[in-house]
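J.: Shown below is the structure under consideration.
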Amino acid sequence: MQKLSGRQLFDKIGRPTRIVAPMVDQSELAWRILSRRYGATLAYTPMLHAKLFATSKKYREDNWSPLDGSDGDRPLVVQFCANDPVHLLAAAKLVEDKCDAVDLNLGCPQGIAKKGHYGSFLMEEWDLIHNLISTLHKNLKVAVSAKIRIFDEP
Ligand SMILES: Cc1cc2nc3c(=O)[nH]c(=O)nc-3n(C[C@H](O)[C@H](O)[C@H](O)COP(=O)(O)O)c2cc1C
């Protein structure tokens, strides 16, 4: 099946206009069910840590269940933070059949993101960002997006 992106993806997932942004410790399945019930037309998972998701069974069990991304939980974007394309791809591969797109978090400004070298702290590292996004784009069935911060200068 041809991979959808851009306008085609937007059309396929029903042209969502009420989008609930990703929130750590909020955007889990129960929140998404409620959000959709009250009119959300696209939901995100909370930011998941790609390396832990790919390598730790416990982290996966704590953060992902068989109901995540199931029929009642679509359209869904799964968001990861990452700074290593191998871990990011391994994590994304585990959810590619349960979501409509995978998003890379390039916006988190918190201390924990600085310490972990992810989120907005990657935004100046263009080669790394290119590597992360192109690795996903070339190897995933679903579309890739990145949530970024807008700088003063384009
Ligand atoms: C509690 C909380 C958790 C958040 N977690 C994430 C996150 O996991 N990933 C992300 O990209 N943004 C996260 N954000 C930022 C939101 O997605 C959003 O960009 C921000 O709240 C601005 O939108 P607003 O003006 O509607 O609040 C979080 C925001 C809040 C308040």
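J.: Given the Cα-Cα distance of ASN63 and ALA90 and 0.36 nm per residue of separation, how much length would full extension add, in nm?
T.: The ASN63-ALA90 span can extend by a further 8.1 nm.
J.: Post the alpha-carbon centroid distance, region 3-47 to region 103-154, in whole angstrom.
T.: 19 Å
J.: Roughly how large, in nm² to one decimal, is the mean projection of the convex hull of the alpha-carbon atoms in the chain?
T.: The number I arrive at for the chain is 9.5 nm².
J.: At a Förster distance of 30 Å, what's the computed FRET efficiency of ILE112 paired with SER70, Cβ-Cβ distance as r, to 0.05?
T.: 0.50
J.: Here's a follow-up. What's the extension gain from ILE33 to LYS3 if we count 0.36 nm per residue and subtract their Cα-Cα distance?
T.: On the way: separation 30, 0.36 × 30 = 10.80 nm, distance 2.67 nm.
In short, 8.1 nm is gained.
Just so you know, all these numbers are worked out from the coordinates, no wet-lab data involved. Keep in mind it's a predicted model, so treat the numbers as computed, not measured. Every residue, glycine among them, receives a Cβ derived from its backbone with ideal geometry; neighbour counts consider all protein chains shown.
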